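Take a look at the structure below.
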Amino acid sequence: MQPHSYVALVTIAALLTYFWMAIRVGQARSKTGIAAPAMTGDPVLERAIRVHYNTLEWLPIFLASLWLFAIYWNDLVAAGLGVLWIVGRIIYALGYYVDPGKREAGFMIQMAATAILLFGALGRIIWSIAVVGA
């Protein structure tokens with residue numbers, strides 16, 4: 001059985017990236033003086049919340065695809081695509097914090113990485129069922 005250590009490390013790095021974004025929400029709340037449960041009131045807070053939530057929206061798709069790709073294809077390739085996803089999310093976040101119009105490049109990077117993982121895993125699973133029968 002393959003241990004998938006690289007994908008495990010990338011999973012932890014992705015979760016740490018998400019944790020960093022959560023901290024940024026807390027910092028934005030402190031900076032703006034807007035306490036929970038308020039979600040609006042200052043663009044700095046609203047951008048931090050949106051970055052955090054958008055990442056949460058993508059995490060299930062990314063993590064499931066990452067692990068399925070690693071299992072059905074290759075741990076190292078999956079890990080490399082996972083690192084690309086993390087880089088894309090960081091570029092997305094840093095751009096969005098400054099100006100929401102600057103989020104597109106990072107979004108496209110992470111979306112492409114996720115699409116390769118997702119459809120690569122799907123294709124290999126279908127191939128496995130059709131050819132191998134399992």
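The values are calculated or read from the model by the stated rules, or taken from the named source; none is laboratory data. Predicted model only: the values in this text are computed from it and were never measured. As a convention, Cβ positions derive from the backbone with ideal geometry for all residues, glycine included, and neighbour counts pool all protein chains shown.
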Hits in segment 45-63 (condition: among the aliphatic types (A, V, I, L, M) and touching a residue at least 40 places away in the same chain (Cβ under 8 Å)): A48, V51, L59, I61, L63
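Out of the residues in segment 96-118 that are among the hydrophobic types (A, V, I, L, M, F, W, C) and closer than 13 Å to V51 by Cα, which is surrounded by the fewest Cβ atoms within 10 Å (Cβ to Cβ)?
V98
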Filter result for F119 (part of a helix (DSSP H, G or I) and more than 18 Å from L9 (Cα to Cα)): yes
Selected residue (criterion: farthest from W73 (Cα to Cα)) from residues of segment 1-18 that are surrounded by 12 or more Cβ atoms within 10 Å (Cβ to Cβ) and not hydroxyl-bearing (S, T, Y): L15
Matching residues in segment 9-44 - criterion: being within 13 Å of L63 (Cα to Cα) and not hydroxyl-bearing (S, T, Y): L9, V10, I12, A13, A14, L15
Any pair with Cβ under 7 angstrom, 6 or more apart, that starts in segment 13-34 at a residue that is within 11 Å of R89 (Cβ to Cβ) and among the polar types (S, T, N, Q) and ends at one that is assigned to a helix (DSSP H, G or I) and at pLDDT 95 or above: T17/I86; T17/R89; T17/I90
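The rows are residues; the columns are (1) over 21 Å from L16 (Cα atoms); (2) of a type outside the set (A, V, I, L, M); (3) crowded, with 18+ Cβ neighbours inside 10 Å.
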residue	(1), (2), (3)
G26	no, yes, no
D42	yes, yes, no
H52	no, yes, yes
L76	no, no, no
G120	yes, yes, yes
